[in-house]
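All of the numbers you see were taken from the coordinates with simple rules; none came from a lab. Every value quoted in this text rests on a predicted model; they were computed, and no experiment measured them. Positions of Cβ are generated from backbone atoms using ideal geometry, with glycine treated the same way; all protein chains shown enter the neighbour counts.
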Amino acid sequence: MTSTAPPTPATLPLGDDALILSHRLGEWAGHAPVLEEEVALANIALDLLGQARALYTGLADVLGSEDEIAFLREERAFRNCQLVEQPNGDFAHTIVRQLFFSTYQQPLYARLSPVLPLAAKAVRETAYHRDHAEQWTLRLGDGTEESHGRTQRAVDTLWRYTGELFQPIEGLEVDWQELAEEWSAGVRDVFDRAGLTVPEGPREGAWSAGAGRQGLHTEPFGRLLAEMQHLHRSHPGATW
Amino acid sequence: MVTASTTARDSRAPDGSTTDGSTTDGSTSDGSATQDAARVASLAELAGSVLDPELPVITLAELGVLRGVAEPEPGHVLVELTPTYTGCPAIEAMAADIERVLRQEAGAEQVEVRTVFSPPWSSDDISEEGRRKLAEHGVAPPRAGAGAAAPVLVGLSPTRHTASSPQQPPAPEPEPVRCPHCGSAETELLSRFSSTACKALRRCTTCREPFDHFKEV
């Protein structure tokens, strides 16, 4: 890392995004609609878990071991955006969440690549995540009446969590406005081709969601943490 | 300290210093420096000869994941490994195998394996011999030049095209992924993700056999 590397806590939100989305995608194991998708979602989860581990390892001096960071923090200490903690819903819901997040994460990592070795490493992997989400959005949005309806419903439901993605993270030197514009253009392009409509609901302001970066999370997050952390907390220090 | 840099792309020693292969502390005589260099070269060769745990036909040196080997003090060996993918779980098995071989074959008392991310591994780091072995093993090797040197693209590859999606004409691929079984260039993507993070699942439309394709990154 160079001398212009981000200050250590600045990478915590990135690590938390990766860990929590990894956990949500892992919930599909044994439930995905087809075997190939089961493998794909697990692969993406694994990439994200690797990102989280690397980012947490870099925070060891400040926050402790990667296990402590992942398993022993309380809900309010997590800095992930609320989008990634949203439940999987149906397959369309998961794919739209993937589209919204990967269209954010991939260009963000591209911008951070010069100062964050992990971002330089992971940006190419996230391009595959984005490709996967875009191709599925096209097929579902432009598929049957049923798949289109489910996908549009997911878009409408998750839209209010997308404004938060562009709240500046302190310590990361990123032009967030420019990132937001790139995200909007990318998502609109996919929507156009998939026959999906951009919702009218707010993404920012009083009626939007999004205070995850400040440690405020939505109701399903507590249950996610309970499931993710209970084994480690029940058996402190246990090893395989 | 003598170091051996094991890839052409990276000339940095595990301590972060730059090395041209000569000793940097200047305290050793020419004779022992040569000896040290030979010792480190043999350590690097041993570590590089370890087989990839998930593709046990290709060595770590051929895969291009071994970044540097050093022996800062006698018996204490430092190895730098870079993962193919960030979350690659094989890295732990690789580290254990390296430690075992260095203890058994080179008498190392302490082996420290560090994971490094910079510069990121690219599928272009796989050697020619490595590519040949992958193909022989039934895994289509990554296409050269599509990795680190190329810009990150979205819409990396066409999906499976069927009659039900006529509005999505197949995008032309720069270079076909060839079937490792029959050599046909007529293959289709089944899934971007396969048995490991680094592979995609494809099928040959000529011989109908499915096969793994080592993805370009």
(request) For every other residue with a beta carbon closer than 14 angstrom to the beta carbon of A:PHE91, add +1 if it is Lys or Arg and -1 if Asp or Glu, then tell me the sum. (result) -1
(request) Go through the range A:7-89 and name the GluC sites (Glu not before Pro) that are in a DSSP coil and have 11 or fewer other Cβ atoms within 10 Å of their Cβ. (result) A:GLU74
(message) Sort B:HIS213, A:HIS230 by Cβ crowding within 10 Å, fewest neighbours at the top.
(response) A:HIS230, B:HIS213
(message) Helix-only mean residue ellipticity at 222 nm, chain A, DSSP H runs n ≥ 4 weighted -39,500 (n - 2.57), per residue, nearest 500. What is it?
(response) -20000 deg cm²/dmol
(message) Just to be sure I understand the model, the point goes 7 Å from the Cα along the line to the Cβ. What's the resulting B:HIS181 to A:GLN214 distance in nm?
(response) 5.9
(request) Classify the range A:93-213 as rounded, prolate or oblate, taking a ≥ b ≥ c as the square roots of the eigenvalues of its Cα gyration tensor: rounded when a/c is under 1.5, otherwise prolate if a/b is larger than b/c and oblate if not. (result) oblate
(request) At 7 Å along the Cα-to-beta-carbon direction for both A:ASP175 and A:ASN88, put a label point, then send me their distance in nm to one decimal. (result) 3.9
(request) Determine the distance separating the Cα centre of the range A:115-149 from the Cα centre of the range B:64-104; give it in Å without decimals. (result) 33
(request) Mark the label point 7 Å from the Cα of B:ARG103 along Cα→Cβ and return the residues of the range B:50-71 whose backbone N is within less than 18 Å of it. (result) B:50-51
(request) Neighbouring Cβ atoms within 10 Å as the yardstick, rank B:THR205, A:THR144, B:THR86, A:THR239 fewest first. (result) A:THR239, A:THR144, B:THR205, B:THR86
(message) Give the average, rounded to an integer, of partner chain Cβ atoms located within 10 angstrom of each Cβ in A:54-62.
(response) 1
(request) Compute the Cα gyration tensor for the range B:75-147, then decide on rounded, prolate or oblate, letting a ≥ b ≥ c be the square roots of its eigenvalues: rounded whenever a/c is under 1.5, prolate when a/b is larger than b/c in the other cases, and oblate in all that remain. (result) prolate
(request) Work through the residues other than B:VAL50 whose Cβ is under 9 Å from its Cβ and net out their charges, Lys, Arg +1 and Asp, Glu -1. (result) -1
(message) Give me the net charge for the shell around B:ALA108: Cβ to Cβ below 13 angstrom, other residues only, Lys and Arg +1, Asp and Glu -1.
(response) -3
(message) Could you give the length gained by full extension between A:ALA238 and A:THR157, i.e. 0.36 nm per residue of separation minus their alpha carbon distance, to one decimal place?
(response) 25.2 nm
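Please list B:97-110, A:158-171 highest first by mean number of surrounding beta-carbon atoms within 10 Å per residue.
A:158-171, B:97-110
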(request) Kindly put A:HIS31, A:HIS93 in sequence by how many other C-beta atoms sit within 10 Å of each C-beta, fewest to most. (result) A:HIS31, A:HIS93
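Report, as an integer, the average count of C-beta atoms from other chains found within 10 Å of each Cβ along B:191-203.
On the way: counts 9, 10, 14, 4, 2, 3, 8, 2, 1, 3, 4, 0, 0.
For peptide B:191-203, the averaged partner shielding equals 5.
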(message) Students often check this: by mean Cβ neighbours within 10 Å, which of A:111-124, B:129-142 ranks highest, and how do the rest follow?
(response) A:111-124, B:129-142
(message) In the range A:8-234, if the dipole is taken from +1 on Lys/Arg beta carbons and -1 on Asp/Glu beta carbons about the Cα centre, which of A:VAL115, A:GLY212, A:ALA154 is farthest to the positive end?
(response) A:GLY212
(request) Output ³J(HN,Hα) for the range A:165-171: one whole-Hz value per residue in order, computed from phi by the Karplus curve 6.51 cos²θ - 1.76 cosθ + 1.60 with θ = phi - 60°, and x for Gly and Pro. (result) 4, 9, 5, x, 9, 4, x
(message) Apply the a/c threshold of 1.5 to the C-alpha gyration tensor of the range A:24-86 and tell me whether it is rounded, prolate or oblate.
(response) prolate
(message) With a 10 Å cut-off between alpha carbons and a GNM built on chain A, which of A:GLN135, A:GLN82, A:GLN106 moves the most?
(response) A:GLN135
(request) Name all residues of the range B:68-102 having a backbone nitrogen under 13 Å from the label point set 7 Å from the Cα of B:ALA33 along its Cα→Cβ direction, giving them as ranges. (result) none
